[in-house]
């Protein structure tokens, strides 16, 4: 019996097909930038507090982001998956309202390079 050379033989003479293992590429989930927006009522101290506590930014970095918000109208607080970005926006918005501030947060998709 003539057998194809691309076939493999098991220990008991059984014949099996050669198999090439797949290395599937899993696409990374989309990422979203969470923005803080400037307003005339939310204090700079509250924005720094939110950045350090809720966005885990070091104090010096939080102050820099707060100043960008104040001077440029908005700045990125962090970049996250959709669910995390949405959760942070909800949590910080609720915290701001409880504290009497109209702080606005939004998210925008981040383009991949």
The condition of being under 23 Å from residue 110 (Cα atoms), out of contact with any strand residue (DSSP E or B) (no Cβ under 9 Å at 6 or more places or on another chain) and either modelled with pLDDT of 95 or more or exposed (fewer than 14 other Cβ atoms within 10 Å of the Cβ) (or both) holds, among 74, 5, 25, only for 25
> Going by the structure shown, is residue 69 modelled with pLDDT of 95 or more, touching a strand residue (DSSP E or B) at 6+ places or on another chain (Cβ under 9 Å) and surrounded by 15 or more Cβ atoms within 10 Å (Cβ to Cβ)?
Replying inline: yes
Across (1) surrounded by fewer than 16 Cβ atoms within 10 Å (Cβ to Cβ); (2) closer than 11 Å to residue 36 by Cβ; (3) out of contact with any strand residue (DSSP E or B) (no Cβ under 9 Å at 6 or more places or on another chain), residue 48 clears everything bar (1)
Scanning the range 78-98 for residues that are closer than 16 Å to residue 43 by Cα and surrounded by 13 or more Cβ atoms within 10 Å (Cβ to Cβ) gives 92, 93, 95, 96
Residue 77 meets each of (1) touching a residue at least 40 places away in the same chain (Cβ under 8 Å); (2) more than 15 Å from the chain's Cα centre (by Cα) with one exception, condition (2)
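The values are calculated or read from the model by the stated rules, or taken from the named source; none is laboratory data. Just so you know, these numbers come straight off a predicted model, no measurement behind them. Glycine also receives a Cβ, built like all others from the backbone with ideal geometry; neighbour counts cover every protein chain displayed.
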